[in-house]
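What follows is one structure encoded as structure tokens, with my remarks underneath.
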Amino acid sequence: MSTEPPPGSGQPPDDDPFKKQPPPEGAGPGSGSPYDTPYGGSQPPPPSYGGGPYGGAGGGPYGGGGGTGGYPADPLAGMPPLADSGRRTLARIIDMILVGIVVVLLTLAFGVSEYQMDGDKISAGRSFAQSLIAAVLFVAYDTVLIARSGQTLGMKWLRMRVANLSDGSTPSTQTSLLRALVLWVPFAFCCACIWTAICGGWSFFDKPYKQGLHDKAAKTVVVSTGS
């Protein structure tokens, strides 16, 4: 009988290569895997933070079971290191350029851009249709690629990926969609520059998980996949 979850269940498959797995017998710190648990052996677990930054009786960042010895479970234990916020910003800029080119081409092809000519002066604005096209394309781009591999093109080129904070697995389609909606809908319809700076820039100041606002909504983190 297959162990694969039914489509649309929101659960990652058992064979997700990024999902944290119990270490094999004899494995431990220093075995060479980026998913080794750093708090084994005689090394003490991380200190308690009073239930984690998001509360919850279990001590995890969003509630749930805690660790052993009276310490809360560290959801980052066994994951690669968190991605640098500067590299995340650069990856986002790359994605914005790639999708932005498609948005411009489509809006010009369908004639939904607003151009006003007044003598020698030409001004360009954005129509609702243009904003709608931008929102659909940006959300679809993020949702499909993140749900498939945890990486947009910008993230892949700069060696990072999105992971569920709870277990390190690739986010489900529902999680990826929620993350994309929080990031791109305000960007497309009202306050592109301001919202991008606030939503993405939040990771520069957030501790301990370096989450943007869209990460907090979807309960995800961005981790490095290499140097």
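The values are calculated or read from the model by the stated rules, or taken from the named source; none is laboratory data. Quick caveat: nothing in here was measured; it's all calculated off a predicted structure. Neighbour counts are summed over all protein chains in view; Cβ atoms, including those assigned to glycine, are modelled from backbone coordinates with ideal geometry. With ligands, DNA and RNA removed, areas are computed over all heavy atoms of the protein, side chains included. Shrake-Rupley method; radii C 1.70, N 1.55, O 1.52, S 1.80 Å.
Please report the accessible area of M96 (heavy atoms, 1.4 Å probe, ligands and nucleic acids excluded) in Å², nearest 10.
Accessible surface of M96 is approximately 50 Å².
Just in the range 138-227: which chymotrypsin sites (Phe, Trp or Tyr not before Pro) are loop by DSSP and have at most 10 other Cβ atoms within 10 Å?
F205
Could you tell me which of rounded, prolate or oblate describes the range 125-185, using a ≥ b ≥ c as the square roots of the eigenvalues of the alpha-carbon gyration tensor, with rounded for a/c under 1.5 and, failing that, prolate when a/b is larger than b/c and oblate otherwise?
Prolate, because a/c is 1.5 or more and a/b exceeds b/c.
Take D74, D142, D84 and sort them by solvent-accessible surface of the protein heavy atoms, 1.4 Å probe, largest at the top.
D84, D74, D142
With a ≥ b ≥ c taken as the square roots of the eigenvalues of the C-alpha gyration tensor of the range 157-227, please select rounded if a/c is under 1.5 and otherwise prolate if a/b is larger than b/c or oblate if it is not?
It is prolate, given that a/c is not under 1.5 and a/b is the larger ratio.
For the range 149-220, with only Lys/Arg (+1) and Asp/Glu (-1) charged at the beta-carbon, what is the dipole magnitude about the Cα centre, in debye rounded to 20?
Charge dipole, the range 149-220, about its Cα centre: 160 debye, nearest 20.
In the range 184-198, whose amide N lies under 20 Å from the spot 7 Å out along Cα-to-Cβ of A129? List them in ranges.
188-190
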